[in-house]
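Participant: Just passing along the structure, written as structure tokens.
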Amino acid sequence: MRPYLLQGHERPLTQVRYNREGDLLVSCAKNLQPCLWSSEDGRRIGTYEGHNGAVWTSDITWDSDRLITGSADQTIRIWDLPTGKELFQFRHREPCRAVKLSAGERFLAATTDAFIESPPGIHIYNFAENVEDQSATPVHAWTVAKGRITRVFWTDCNRKLITSHDYGILRRWDVETGTMLQETQVHEEAIQDMQMAPDETHVITASLDKTARLVDVETFQVLKTYKTGRFVQSAAMSPLFDHVLLGGGQDASQVTTTAAQAGGFEARFFHKIFQEEFGRVRGHFGPINTVAFHPSGRSFTTGGEDGYVRIHHMDLDYFTTKFF
């Protein structure tokens with residue numbers, strides 16, 4: 001499994017995301033420019049220039065026409081994905097952490113961090129089909145008591161939101177009223193990443209308590225736990241097999257004094273049902289901050305603290321071997 005090593009960022013990666021078809025890959029990092037890549041051969045197609053702070057998150061429309069990014073520069077931006085042209089800005093007073101388009105793409109959910117006297121917040125915007133009709137005024141907005149919001153997802157036919165937080169908490173919100181409907185502690189430490197299963201019945205969470213957990217969307221019941229012995233920064237589920245991919249490693253502040261093998265800087269594969277680890281892929285020289293499976297399940301991408309993106313196409317053995 002020889003990876004494509006992509007050099008487009010000089011600072012740590014924050015998120016990698018495939019489009020629906022899987023032919024394109026967007027990488028976000030703590031430098032200012034998200035990058036667009038070909039997921040087949042790692043060729044860089046272009047960059048999106050305009051942000052003035054770390055870019056934390058992104059989302060891509062169903063037809064791969066537009067890209068949405070959220071940044072520490074207090075803006076959420078809509079880009080023309082093929083050309084890199086900036087189409088629209090949502091301006092906030094706080095750093096923007098997570099964005100997610102609703103099913104049908106009529107709405108955009110965005111979250112902001114606590115900043116000075118402002119608490120964390122959730123903002124719902126109409127997402128216009130024509131950018132000329134786009135409004136910067138949210139249709140709903142509310143604040144959150146405590147805990148940075150790390151990820152947000154739409155559920156229940158766009159009637160509810162699920163958010164992951166510092167303190168290991170998951171919360172469910174009513175979109176119309178902003179009322180918190182449920183709060184459940186699923187981790188002992190901060191949740192760094194949350195990704196939805198293709199059938200939207202469960203999510204996987206990655207936490208600094210050195211575990212990833214499979215959580216039922218309806219009840220927030222923990223279904224499975226995957227233990228690594230190292231911080232887990234990101235987790236993804238294969239759309240093809242009952243496999244889970246975890247990325248993380250020792251704290252970034254200790255990287256300069258830690259050998260790669262001792263630091264646990266590998267992408268780690270677990271069986272989704274049996275919770276047993278069956279493989280590791282090395283390569284990064286620091287913690288892995290973000291992981292994503294290709295929509296086909298035939299490749300995966302990792303982004304690390306070292307500033308590199310690595311695209312791995314699975315060997316034939318992966319599809320023919322019965323691991324359990």
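The values are calculated or read from the model by the stated rules, or taken from the named source; none is laboratory data. From a predicted model like this one, the values you see are computed outputs, not experimental measurements. Positions of Cβ are backbone-derived with ideal geometry, glycine not excepted, and every protein chain shown enters the neighbour counts. Heads up: the accessible areas ignore ligands, DNA and RNA and are worked out on the full protein's heavy atoms, side chains in. Shrake-Rupley method; radii C 1.70, N 1.55, O 1.52, S 1.80 Å.
Participant: Just to check your reading of the model, which residue among PHE241, PHE231 is open to solvent by 50 Å² or more (accessible area, probe 1.4 Å), modelled with pLDDT of 95 or more and within 17 Å of the chain's Cα centre (by Cα)?
Facilitator: One residue alone meets the criteria, PHE231.
Participant: Something else: From the list GLU94, GLU49, pick out the single residue that is open to solvent by 10 Å² or more (accessible area, probe 1.4 Å) and farther than 24 Å from ARG310 by Cα.
Facilitator: GLU94
Participant: While we're here: What is the number of the single condition among (1) surrounded by fewer than 16 Cβ atoms within 10 Å (Cβ to Cβ); (2) in contact with a helix residue (DSSP H, G or I) (Cβ under 8 Å, 6 or more places away or on another chain); (3) closer than 17 Å to GLY70 by Cα that THR150 does not meet?
Facilitator: Failing condition for THR150: (1).
Participant: The conditions are (1) assigned to a strand (DSSP E or B); (2) charged (D, E, K, R); (3) open to solvent by 40 Å² or more (accessible area, probe 1.4 Å), and ASP59 fails exactly one of them. Which is it?
Facilitator: ASP59 satisfies every listed condition except (3).
Participant: SER27: touching a residue at least 40 places away in the same chain (Cβ under 8 Å), more than 21 Å from CYS96 (Cα to Cα), in contact with a strand residue (DSSP E or B) (Cβ under 9 Å, 6 or more places away or on another chain) and polar (S, T, N, Q), yes or no?
Facilitator: Criteria not met by SER27.
Participant: Just to verify a result, which residue in region 264-282, among those that are among the aromatic types (Phe, Trp, Tyr) and crowded, with 18+ Cβ neighbours inside 10 Å, is farthest from SER238 (Cα to Cα)?
Facilitator: PHE265
Participant: Does region 112-147 hold any residues that are open to solvent by 30 Å² or more (accessible area, probe 1.4 Å) and of a type in the set (S, T, N, Q), and which are they?
Facilitator: Across region 112-147, the qualifying residues are SER118, ASN126, ASN130, SER135, THR137, THR143.
Participant: Also: Under 8 Å between Cβ atoms, at least 6 apart or on separate chains: pull out the pairs that start in region 183-212 with a residue that is of a type in the set (Gly, Ala, Ser) and surrounded by fewer than 24 Cβ atoms within 10 Å (Cβ to Cβ) and end on any residue that is at pLDDT 95 or above and in a loop (DSSP other than H, G, I, E, B).
Facilitator: ALA190/LEU208
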